[in-house]
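Shown next, in structure tokens, is the structure this report addresses.
Every read-out reported here was derived from the displayed coordinates using simple, explicitly stated rules and does not represent laboratory data. Keep in mind it's a predicted model, so treat the numbers as computed, not measured. All Cβ positions, even for glycine, are placed from backbone atoms using ideal geometry, and neighbour counts span all protein chains on display.
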Amino acid sequence: MTTFNDFGLHADINRALAAKDYTQPTPIQMQAIPPLMKGRDLCGIAQTGTGKTAGFSLPSIHHLITYPHKTNPRSCRMLVLAPTRELAAQIAQSCRDYGRFTKLRVSTVFGGVPINKQIRDLSQGVEILVATPGRLLDLIDQRALRLDDVEIFVLDEADQMMDMGFIHSLRRIAKLLPSRRQNLFFSATMPKEIAHLAEQFLEDPVTVSVTPQATTAEKIRQFSTFVEQKEKQALLHHVIKTSDIDRALIFTRTKHGADRVVRHLKGAGIEAYAIHGNKSQAQRTTALQAFRSGQVRLLVATDIAARGIDVSGVSHVINFEIPNVPEQYVHRIGRTARAGAEGIAISFVAPDERTYLRDIERVTRTKSEPMALPEGFNELVRNLPKPAAPPRDTGSKGRNPQRQRDDALAGRGEGNRGNGQPRGDRGPRRDGAADGQPQRKRRFRPRGGKVGAHKGAVKRVG
Ligand code: AMP
């Protein structure tokens, strides 16, 4: 059986691994570390949760400490690109953990926070830089960073990068990298266009894959309930109250949808946070920390915001709305059943989402178990508490132009994908169907308009 000692990693790294109580390499680590130690390029098909961060950072850290040299000002020796701020922060933290007995400097740069501190951090140069593409290019444009000294380049969550419209940024970044470098490319899925992107970055790569494309983790029990869109909130309250939830991630398609769910939960006295691209960085960090520490056990998220979030102990994933791209479903439910634990995924399927469920079941080759609506459900719907009032300052879109730009970037990912992803929320949905407003108010809205607006929103994305 392979152990970390068999890889020949630097003693300082082995010490850090012992401190973290890692005894056994995960499958991706077993496959990836040996070729990476030899300097090979690597194409990894793996999701977060598989241990891929250690898979790419351990051999890279080994290289950086085995071949030390002084960094030039405003430069880095290893560059890791990640699609979201959360993932970037998480990768940087892992690198710090694994490199804690070394002198390597690790910096993170992403949007949504002031750029000046990042400029200062980079002024002397760093060994490892973890960045989101937009902010990285801003720093390059401001002459705060050059990429000539990059020895190791890692592109993480490439499929997500493409979904978020970062392709042009990636092309620009690729041109700024030196030609001699080691390249690592990770993606949870490998459809044709991602494979094509990989070819542009990689030279004679070793390919490793830990989860076959679009298969669902076996340890996740999947349920689905057919329910009207407007009754989903009542069902959610019921599921939360009657299930043995340690931590649950609740997915909505849109940012406003996520806020709405949280307001309803709050109205019913149930504590929850929302996390999505319209939240300020501080709000996202607070929400994530509260969720991680167990202070709040419900996190309502959009797909983009939740990608790459690694929180252990997520017992339930609830699909308040069904993604219309099956791979997205796989990513969502992959948030539970981490590290061999068992998890439960429950999907709330409105009539116009049934085709999405069918597509998901076809692609994942699994069938979810039907879960009936609870007895007395109509009563629950009728007695749904009113939502809490929206906060005056949602923390979104500060006056800070940089933040606006970053949010716009995030918005592009969550809202306006050109790849069949949800259109998202260019504005609050007009249908009122999902927000569970009291019956009295809804009667004033034309029903035809309601349904039409909703269907339209769904159709446009398909
Ligand atoms: P990742 O897929 O890189 O986000 O890692 C998922 C989680 O697994 C993180 O919390 C890591 O700290 C943890 N992890 C990674 N490798 C190992 C290992 N060999 N043994 C135990 N935990 C690990």
Counting Lys and Arg as +1 and Asp and Glu as -1 over every other residue whose Cβ sits under 13 Å from the Cβ of Arg362, the net charge comes to +1
Aspartates and glutamates whose Cα lies under 12 Å from that of Lys192, excluding same-chain neighbours fewer than 8 positions away: Asp159
Could you list, in their original order, any pairs among Lys232/Lys279; Lys103/Lys255; Lys38/Lys70 whose Cα atoms are separated by more than 30 Å? Lys103/Lys255
Determine the shape class of the stretch 4-209: with a ≥ b ≥ c the square roots of the Cα gyration tensor eigenvalues, call it rounded for a/c under 1.5, and otherwise prolate if a/b is greater than b/c, oblate otherwise. oblate
All Cα pairs of the stretch 220-382, percent lying beyond 28 Å: 14
Other residues with Cβ under 12 Å from the Cβ of Ala290 give, with Lys and Arg +1 and Asp and Glu -1, a net charge of +3
Would you mind getting me the FRET efficiency between Ala389 and Ala282? Use the beta-carbon distance for r and R0 = 25 Å, nearest 0.05. 0.70
What's the exposure ranking of Ser75, Ser312, going from fewest to most Cβ atoms within 10 Å? Ser312, Ser75
Could you work out how far apart the two model spin labels at Arg365 and Lys192 are, taking each label as a point 7 Å from the Cα in the direction of the beta carbon, and quote it in nm? 2.2
Computed log₁₀ I(q)/I(0) - Debye formula, equal Cα scatterers, no solvent, the stretch 30-141, q 0.10, 0.20 Å⁻¹: -0.29, -1.13
Across all Cα atoms of the stretch 231-303, Rg and the largest Cα-Cα distance (Dmax), in Å, are 11.5, 33
So how much slack lies between Thr23 and Thr66, counting 0.36 nm per residue of separation and subtracting their Cα-Cα distance, in nm? 13.2 nm
Grab the Cα-Cα distance for Gln295 and Arg354, subtract it from 0.36 nm times how many residues apart they are, and report the gain in nm with one decimal. 17.8 nm
